[in-house]
Each structure stands twice: as structure tokens, then as C-alpha cells.
1. Averaged per residue, what accessible area in Å² does the stretch 1-61 show with a 1.4 Å probe, protein chains only?
2. How much of the accessible area of the chain, in percent, comes from carbon and sulfur atoms when a 1.4 Å probe is used?
3. Can you tell me how much longer the chain between Thr32 and Ser56 gets when fully stretched, taken as 0.36 nm per residue apart minus their C-alpha distance, in nm with one decimal?
4. Would you kindly derive the ³J(HN,Hα) couplings of the stretch 7-18 from the backbone phi angles with the Karplus curve 6.51 cos²θ - 1.76 cosθ + 1.60 (θ = phi - 60°), listing them in order in whole Hz, with x for Gly and Pro?
5. Indicate the gyration tensor shape class of the chain (rounded, prolate or oblate), computed on the Cα atoms with a ≥ b ≥ c the square roots of the eigenvalues: a/c under 1.5 is rounded; otherwise a/b larger than b/c is prolate and the rest oblate.
6. What's the ranking of 41-54, 17-30 by average number of surrounding C-beta atoms within 10 Å, highest first?
7. Which whole-number percentage describes the relative contact order of the chain, with Cα contacts under 8 Å and a sequence gap of 6 or more?
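The values are calculated or read from the model by the stated rules, or taken from the named source; none is laboratory data. This structure is a prediction, so every number in the text was calculated from the model and none was measured. Neighbour counts run over all protein chains shown; Cβ positions are idealised from the backbone, glycine included. These accessible areas exclude ligands, DNA and RNA; they are computed on the full protein's heavy atoms, side chains included. Shrake-Rupley method; radii C 1.70, N 1.55, O 1.52, S 1.80 Å.
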Amino acid sequence: MKNIINRVSAPTPKFFKVLRTIGLALAAVGGTILAAPVALPVVVTTIGGYVAVAGSVLTAASQLTITNDSE
């Protein structure tokens, strides 16, 4: 568990910071589609769910990527 905490608090490379921001945006768009107050077609709701999951995974993976300067 300590290793994960160290990875999250370590510096993230610039490329992965951009991917993290894109992932957050995708998760927000997917969440907005899922929480829409109007009735949407099933296809749109399904796509919204997939976009939210993909954005969440992209954000988590980008946050755990660190720069390894020891090599």
C-alpha cells in the first residue's frame, strides 16, 4: 500500500498529465450523459457508460505513471 501512495505522490511526466486531463474530461462527459434529466436512447446511455469507464481508467493509469530518474 505504501508503494501505491509513493507512486501517486511522485512527479508525473508531462505527457501523462495531458492524458490525465483528457481522461478527466471523458469521465465528466460520460457522467453527464448518464445523469441527463431527459430520456436518452439506450445506445447513447450505453456509450456514455463506456466513455465514463474509459476516462476513469485513463485517469488512474496516468496518475500512477512516474518518472524513473534512478536509471
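1. I get 72 Å² per residue for the stretch 1-61.
2. 72 percent
3. Values: separation 24, 0.36 × 24 = 8.64 nm, distance 1.37 nm.
Answer, rounded to one decimal: 7.3 nm.
4. Result, rounded to whole Hz: 5, 5, 8, 6, x, 9, x, 4, 4, 6, 5, 5.
5. prolate
6. Top to bottom by mean Cβ count within 10 Å: 17-30, 41-54.
7. 50 percent
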